[in-house]
Structures are given as C-alpha cells and as structure tokens.
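Contents: one structure, followed by commentary.
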Amino acid sequence: MLGERVNLFKMGTGMVRTLIAGNWKMNGLKSALAEVEKITARLAELPDTADCLLCPPATLIGAMAAISGDRLYVGGQYCHNKTSGAHTGDISAEMLVDSGARYVIVGHSERRDDHAERSAYVKSQAGAALRTGLIPIVCVGEEYAQRKRGETAEVIERIMRKSLPTMPEGSHDLVVAYEPKWAIGTGEIPTMEEIGVVHALIRKVLVDTYGMDGLKMPILYGGSMKPGNAAEILSVAEVNGGLIGGASLKADDFISIYEAAVA
Ligand code: PGA
C-alpha cells in the first residue's frame, strides 16, 4: 500500500509548485504592514521557484495587496458560500477578489470549531471561491485522540471526501493543507514518516477526485512549522509547502521558511 503511494508521488514529482503560505489568523494591525514591506524586499532577492502567500485578517487585505508587489500573493482566511446578501459580518469570495486576494483558506480547524463550520459548508465555500477565480486552500486534520486510536487515515479521507468541491468548468487550481489539530500552535509535530503517509493519502484522494489535475495540486503541511523544522518537513515526499501561523507574523521567520523551500 505504502509502495503504491510512493509511486504515485514519483508520478507527481516536479509537477507541483511549492507554496509557502502564512496565516495571520486574528493578528495584525496596520502597523504589521511593516513586516510585509520587509518580506517583499527580501523576496525580490530570492529565487522565484516557489510561490509565497500571506492571509491577513480581512481588514488588512486591501492595504497588503497594495504593497505586496508581484512576488507575494494575498489571501483571505474565510469566505461565505453566497455572493452577497443578508449575512451580517460575513465576507464573500467576490469581496475578497475585489480587495486583491488571490487565495482563500477554507475549513481551518479553528473555523470548524469556533463557528461550527462543517465539511459540507466548507465544500460550498470552496465552490464559491472557485467560481470567483480564487484558489481555495482546503484544510483537513485529525484530533490527537483520533491519531492515538489509529484513525488518522480514515478521518482525513472522510473529511476530504466531504470537503472537496466540484471543480467548475475550466478551474484546475486547488490546494489542500494537512493540519493535525494537535500540532497547531503547540510546538508539537508528527514524525516525518507520519507526515509522509498522510500526504500520500491526500494525493491519492486528490487523484481519485480530480484525475490528472489532482497530481498538480499543492499539499501543504501546517502545524508548528518553523524555521528550525521547515527544511526537514519540506523534504518529505508530497509535502509541497507549508501553511504557517505563528512563524508567519515575523518577516525574518517567514522568509527563513521560504528560503528553505527554494534552497
Ligand atoms: P501554527 O498554525 O503554525 O501557529 O501552528 C498553523 C495554522 O493553524 O495554520
């Protein structure tokens, strides 16, 4: 079984562009844009062999997009599944595009927990994103107790099959982020082997769902990725980048991770 997965990886090698994505969560005031200026200046000196993205709070998307240049993409952390209407406090995919976003994170475990977003809703959010031309980053991850019970593969596959959107005609771009819930913000990470097994499974489900397009979709690892562990995690088969929370808030840390990706 693992052998099959490894072969699948080999088919995909080289076809997937690495993406280093930062998720600022509910952090960042206008003063934090100084970090973005540092990031864009540093990116200009580095190879462009990986993509770089920051997802700030919605209040900063427009201002960040205005200074991000052509090497740093900007994304949202959430979108509603409808285009507009009576949904107080919500933001549509179209609004994110209008503010300068190119990607949107959907189904982050913090949204699933804090706002009871279920996989069926995540699927509809990703569909709304795709219809406006945004690239959705669909997050999946297991609880610590599920890993301990040996249910990780089953849980990940189940969440993926319920959360992955139907691709509208002409859309091919989608990103999946594997984020073990117990690794987010804790400093704990799975072993490299454990990460490799889950990423191989995610690749298999992507290919099952989207055929050849599924070979080109980046699979990010997220959960306590830092400058000190990024190179090792990024060297694992089928890890095509990272979704980085805490370490994306400081330009030096975030750029160190990008450097590991382009080294
Ligand atoms: P962390 O968060 O890097 O702070 O663990 C990752 C995430 O939740 O996307």
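Bear in mind that the values in this text are calculations on the coordinates, not laboratory data. It should be emphasised that the depicted structure is a prediction, and the values quoted were computed from it without experimental measurement. Every residue, glycine as well, gets a Cβ built from its backbone with ideal geometry; the counts of neighbours run over all protein chains shown.
Please arrange Y144, Y258 by how many other C-beta atoms lie within 10 Å of their C-beta, fewest to most. Each step should come with its number before you reach the end.
Numbers: Y144 13, Y258 28.
The fewest-first ordering by Cβ neighbours comes to Y144, Y258.
For the range 53-174, just the Cα atoms, rotate onto the principal axes and tell me the three extents in Å, largest first.
Cα extents, longest axis first: 47, 31, 26 Å.
Just the Kirkwood number for the chain, please: inverse of mean 1/r across all distinct Cα pairs, in Å, one decimal. List each step's numbers first, then the result.
Details: mean 1/r = 0.0548 Å⁻¹.
It works out to 18.2 Å.
Which GluC sites (Glu not before Pro) in the range 62-146 sit in a loop by DSSP (not H, G, I, E or B) and have at most 15 other Cβ atoms within 10 Å of their own Cβ?
Qualifying residues, ordered by number: E143.
Calculate the spin-label point distance for R161 paired with A66, positioning each point 7 Å from the Cα along the beta-carbon direction, and give it in nanometres.
Inter-label distance under the simple model: 4.8 nm.
Express in nm, to one decimal, how much length is gained between E232 and R149 on full extension, taking 0.36 nm for each residue of separation and deducting their alpha carbon distance.
My answer for the length gained is 27.3 nm.
Please give the length that would be gained between A44 and T186 if that part of the chain were fully extended, namely 0.36 nm times their separation in residues minus their C-alpha to C-alpha distance (nm, one decimal). Mind dumping the intermediate values first?
Details: separation 142, 0.36 × 142 = 51.12 nm, distance 3.19 nm.
Net length gain for the segment: 47.9 nm.
Would you mind checking the radius of gyration and Dmax of the range 198-263 based on alpha-carbon positions, in Å?
Cα radius of gyration and Dmax of the range 198-263 are 13.0, 39 Å respectively.
Only Lys, Arg, Asp and Glu count, each charged at its Cβ (+1, +1, -1, -1), so figure out the dipole size of the chain about its Cα centre, rounded to 20 debye. Write out the running numbers ahead of the final one.
Numbers: 27 positive and 32 negative charges, 78 e Å.
Roughly 380 debye, rounded to the nearest 20.
Counting other beta carbons within 10 Å of each residue's own, what order do T132, T186 fall into, fewest first? List each step's numbers first, then the result.
Numbers: T132 17, T186 12.
Arranged by neighbour count, lowest to highest, T132, T186 become T186, T132.
Restricting to Cα pairs below 8 Å that are 6+ residues apart, what does the relative contact order work out to for the range 59-166? Please round to a whole percent.
Working: 163 pairs, mean separation 27.3, N = 108.
So the answer I get is 25 percent.
Hey, quick one: spin label on S124, modelled 7 Å out along Cα-Cβ, who in the range 73-96 has an amide N within reach, i.e. under 12 Å?
Answer for the range 73-96: 80-83.
Distance from the Cα centre of the range 51-85 to that of the range 209-257, in angstrom?
19
How far is it, in nm, from the label point at D208 to the one at E193 when both lie 7 Å from their Cα along the line to the Cβ?
Distance between label points: 2.4 nm.
Describe numerically, in nm with one decimal, the distance between label points set 7 Å from Cα along Cα→Cβ at A263 and at H172.
Computed distance between label sites A263 and H172 equals 3.2 nm.
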